[in-house]
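To keep things clear, I will list the structure first and then write my remarks on it.
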Amino acid sequence: MSTSAGMAAVLDGLRPRGGAALIGGDPVFCAEVLGVGGVAVSLLPDGEPSEPVWATPGLSLRLEDLQFTLGQGPSLDTLASGSHVLEPDVGRVDADRWPQLLPELRRFRIRAVFCFPLLVGGVCLGVLTLHRRSPGPLSDTAMDDALILAGALVSMVLDNALGQEGMATSEDPSVLYRASVHQATGMISVQAGVSLPQAMLLLRAHAYRHGKPVLDVAGDVVARRIHFRDIGWKPDRSGGKGTS
């Protein structure tokens, strides 16, 4: 496996030049080198939802938020399995696989998605996600470059003082893209009298029902514009919905 000249330039710029950033360099340039429309890197802090820490602007973050809101999608499959999820034509994906996400991918004209796990042994630290508005597989060169990039990102995370442990324990919530989500989940847990995982389900469900990003709903919870008291149900012992 060899690195292209373009990817060599991407790798050279990955190390942050200061500040709280986990990853340096230009994700837009990275996407151009890989021949895709956008890239995103999300990490999985211990016990927390995945955090996008490096992404091309616009659609890449929207794709991350959609998967986070709906609780389904290729990056979540990658986190769960620790394996690549390569879909060169999402129009050919079985409708039952991601029933809520697939219509959104069509709406945003995302035709191909490629996800690579950031692995250390059997532990998945996060996911590198590539997307494109035209169908078709990655070229052999792009595939090699993506695998090399995933390995380099693992090294960046493990070497960085604000890596997995720092993300989970940082006293500065501004370093977390979804800091308000973590805060809102804790508030919902207290308001509704449920566990943190169940509170996250409530937050996602509310966002989905109202057609809003999870981040927006979380902001409303933190600002106390909405609350989850007296919601009319309690999760049963299996984690499902039961009547109160």
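The values are calculated or read from the model by the stated rules, or taken from the named source; none is laboratory data. This one's a predicted model, so the numbers in the text were calculated from it and none came from an experiment. Backbone-built Cβ (ideal geometry, glycine too); neighbour counts: all protein chains shown. Calculation scope for accessible area: heavy atoms of the full protein, side chains included, ligands and nucleic acids excluded. Shrake-Rupley method; radii C 1.70, N 1.55, O 1.52, S 1.80 Å.
If you take the square roots of the eigenvalues of the alpha-carbon gyration tensor of the range 1-114 and sort them as a ≥ b ≥ c, do you get rounded (a/c under 1.5), prolate (a/b over b/c) or oblate?
Cα axes put the range 1-114 in the prolate bin.
What is the sum of charges, Lys and Arg at +1 and Asp and Glu at -1, for the other residues whose Cβ falls under 14 Å from the Cβ of residue 78?
-2
Would you mind classifying the range 35-93 by shape? Square roots of the alpha carbon gyration tensor eigenvalues, ordered a ≥ b ≥ c; an a/c under 1.5 is rounded, otherwise it is prolate if a/b is larger than b/c and oblate if not.
Since a/c reaches 1.5 but b/c is at least a/b, the shape of the range 35-93 is classed as oblate.
Farthest toward the dipole's positive end in the range 1-96, which of 69, 10, 39, given Cβ charges of +1 (Lys, Arg) and -1 (Asp, Glu) about the Cα centre?
Of 69, 10, 39, it is 10.
Report the Stokes-Einstein translational diffusion coefficient (µm² s⁻¹, integer) for the range 68-164, Rh taken as the Kirkwood radius over Cα pairs, at 37 °C with viscosity 0.692 mPa s.
The Stokes-Einstein estimate is 231 µm²/s.
Using a 1.4 angstrom probe on the protein heavy atoms only, could you order 116, 108 from most to least accessible area? Show your work: numbers first, answer last.
On the way: 116 0, 108 45 Å².
The ordering from most to least exposed comes out as 108, 116.
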